[in-house]
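Enquirer: This is the structure I have questions about; it appears just below.
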Amino acid sequence: MMALSRFFNSADPCEIGEVLQFAEDHVDPNDQDSIFGAAEVLHRLSQKKDLLNDLIIEPIKNTIDESQPENIYTDATFILGSTKSGIFRLRANVWKVPKARGGKDEFEKRLYAYEAPHDHNFDFLTAGYYGSGYETDLYEYDYESMLPKVGEKVAVRFIERTNLSIGKVMMYRRSRDIHTQHPPIDLSVSVNLLVSTEDQLTRQQQYFDVHHQVSAGFVDGPVSFRVDLIEMAGHLGLQNAVEPLHRIASAHSCKRSRAAAVKSILKIAPGENESIRSKYGSDTSRIVRDACFSDIY
């Protein structure tokens, strides 16, 4: 089996607005086949060789008079545009060869998520735009069959090692594909069409140890930030947080958030142990049930 990929010859380039309009008109964000159907138009955007010119030149010009650049970007990412609905976004990612700092290249490996197997909680297409492209090892797993818990066993199946070269468009499937990106041999750029859905805010993005086939941690994002906040209420013993924590524990669609709320309630109000077990001990998720009886989840 191979990853979802398409290869194209040269094609007439198109504009950012054309890709976004195509996505609005023709792509169902909840249908992966429909998303993959945008591969050709994303490839056409990757043929626009002056795509990044203004995004780079304008901030340079603004720097002359010390203005703050308007484009939201990091050393690794440029935001190209989004639809009014916010469902579809275009971005460009820069992939650099890691440069040693203080004798080590760990900083840039972390910045570009090199050698760190991880999934994504959203679907996206990516096209090679410039350079040789990064290499990546691709695996797949079943999100629904595992708990979002560090050290949890997960059946990981290797798919292939591949390269994002110019002319190639790949699709990464949310909460299914795991990829380990390796540094390119030269500076490379990819162009992405990102697809947002409502459940993105409750799907936990994770790191994996693919060799031992376990979950290795959580990627920073909306789910992790929310869980951190819930846990902080418990650590600080915030009494007036108990009522909203009960609402989260009883009804939130994110099982990590429900479990964190249960744990925090028990820390704030340890006298509620029996009540907590009665209310949440039969939750549909094992991670929440375990939270009622254990300090580790």
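Enquirer: Please arrange L236, L42 by how many other C-beta atoms lie within 10 Å of their C-beta, fewest to most.
Expert: With the sparsest Cβ surroundings first, the list reads L236, L42.
Enquirer: Taking the Cα centre of the chain as origin, sum charge times position over the Cβ atoms of Lys and Arg (+1) and Asp and Glu (-1), and report the length of that vector in debye to the nearest 20.
Expert: So the dipole magnitude of the chain works out to roughly 800 debye.
Enquirer: Roughly speaking, what is the stretch gain from S282 to R6, that is 0.36 nm per residue apart minus the C-alpha to C-alpha distance, in nm to one decimal?
Expert: 94.8 nm is the gain from fully extending S282 to R6.
Enquirer: Right, something else. Return the distance in nm (one decimal) between the two label points of a simple spin-label model at E243 and E40, each offset 7 Å from Cα along Cα→Cβ.
Expert: Going from the E243 label point to the E40 one covers 5.8 nm.
Enquirer: Throw me the Rg/Rh for region 5-218, computed over C-alpha atoms with Kirkwood Rh, two decimals.
Expert: On the Cα set of region 5-218, Rg over Rh gives 0.97.
Enquirer: Let me ask another. Setting aside same-chain residues fewer than 8 positions from K99, which lysines have a Cα under 19 Å from its Cα?
Expert: Counting by Cα, and skipping residues close in sequence, K99 has these lysines nearby: K109.
Enquirer: Would you mind computing, in nm to one decimal, how far apart the modelled labels at D33 and V97 are, each placed 7 Å from Cα along Cα→Cβ?
Expert: Placing both labels 7 Å beyond Cα along the Cβ direction yields 4.4 nm.
Enquirer: Here's a follow-up. Neighbour counts of other C-beta atoms within 10 Å: give me M232, M171 arranged from fewest to most.
Expert: Ascending Cβ contact count within 10 Å gives the list M232, M171.
Enquirer: So, one more: Just to verify a number: FRET efficiency for T77 and H235, C-beta to C-beta distance, R0 = 35 Å, to 0.05?
Expert: Once the sixth-power term is evaluated, E becomes 0.60.
Enquirer: Now for a different question. Of the cross-linked pairs K49/K168; K149/K267; K84/K255; K153/K255, which ones have a Cα-Cα span greater than 27 Å in the structure shown?
Expert: The answer is K84/K255.
Enquirer: Need one number: the % of Cα-Cα pairs in region 222-291 sitting beyond the 20 Å mark.
Expert: That tail contains 16 percent of the Cα-Cα pairs.
Enquirer: Oh, and also: Take E15 and E152, extend 7 Å from each Cα along the Cα→Cβ direction, and tell me the distance between the two endpoints in nm.
Expert: Label at E15, label at E152, 4.6 nm between them.
Enquirer: At 0.692 mPa s and 37 °C, plugging the Kirkwood radius over alpha-carbon pairs of region 223-264 into Stokes-Einstein gives what diffusion coefficient in µm²/s?
Expert: 336 µm²/s
Enquirer: Between A113 and K49, what length comes free when the chain is fully extended (0.36 nm per residue of separation minus the Cα-Cα distance, one decimal in nm)?
Expert: Going from the current span to full extension adds 20.5 nm.
Readers should treat all values here as calculations from the given coordinates under stated rules, not as data from a laboratory. This is a predicted model, so every value here is computed, not measured. Quick reminder, even Gly has a Cβ in these numbers, built from the backbone with ideal geometry, and neighbours come from all protein chains shown.
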